[in-house]
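Quick note: the coordinates plus some simple rules give every number you see, no bench work behind them. What you see is a predicted model, and the numbers here were worked out from it, not measured in a lab. Ideal geometry is used to build each Cβ from the backbone, glycine not excepted, and the neighbour counts take in all protein chains shown.
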Amino acid sequence: MKRSILGMVLSGGKSRRLGQDKAQLSFHEGTNQLDYMLGLLDAFCESLAISCRSSQFEERSSRFDAALILDAEGLVGPVAGVVGGLKHAEGRAVLAVACDMPLLDAAALLKLLSLRNPEKLATCFIADDGKPEPMCTVYETACLSVLEEWVGDGNFSLRRFLENVDVELITFNEPQLLASVNTFEDVEVARKRLSR
């Protein structure tokens, strides 16, 4: 069942360590990471969006009907995409996922959405380091003003934000599914795991 939320892929990173656009990587036959993540979101979300920098607009074409959202100006990192997405969502929650999580699957998103607590500012998994995982999180509407105040004070870490506000934390038995690919070694590890 689709929820009245915006499903958004965060794809504005510069991929400095990997040296190539992570949204265009292919781990699942016949599709790149951008379309793979949009496909996961499409199963659960009424509308879709892609957040990116202005210089990436032409590279962000997709087979899905997804709005292109510019990262919020003056902000650094994924928080720019989340703020931009919450503004675009106009009163709906945003399920934000990073484009570079090739192991993430529909079962994980279903768990996240099933245990979502709209009374909190966000709902997220606990990552394998015991901290909140900001790159696969439902950000509620009420989160926008608090997040804008956070970045207004010069803070740009989404993880630290989630550690400091009232969020629903979900224990995840397979936190490795939330792993992002930042190096060629990460890419190889993910490909080997998916080939099993």
Checklist entry - Under a straight-distance cross-link criterion of Cα-Cα below 16 Å, which aspartates and glutamates are reachable from Lys120, leaving out those fewer than 8 residues away in the same chain? => result Glu133, Glu140, Glu163, Asp166, Glu168
Item to check | Within region 32-48, backbone nitrogen closer than 16 Å to the virtual label 7 Å beyond the Cα of Thr141 toward Cβ | outcome: 46-47
Checklist entry - How high is the FRET efficiency from Thr171 to Thr31, r the C-beta distance, R0 30 Å, rounded to 0.05? => result 0.50
Checklist entry - Just one of (1) 41, 38, 33; (2) 49, 34, 33; (3) 59, 41, 28 is Cα extents along the principal axes in Å calculated from these coordinates, so which is it? => result (1)
Item to check | Within the chain, percent of DSSP bridges classed antiparallel, to nearest 5 | outcome: 30 percent
Checklist entry - With labels modelled as points extended 7 Å from the Cα through the Cβ direction, what inter-label distance (nm, one decimal) is found for Ser195 paired with Glu119? => result 4.9 nm
Checklist entry - Can you give the calculated 222 nm mean residue ellipticity of the chain, where each DSSP H run of n ≥ 4 adds -39,500 (n - 2.57) and the sum is split over every residue, rounded to the nearest 500 deg cm²/dmol? => result -9000 deg cm²/dmol
Checklist outcome for this item: Computed ³J(HN,Hα) along region 141-150: with the Karplus parameters 6.51/-1.76/1.60, θ = phi - 60°, integer Hz and x for glycine or proline, the list is 3, 5, 5, 4, 5, 5, 5, 5, 5, 4
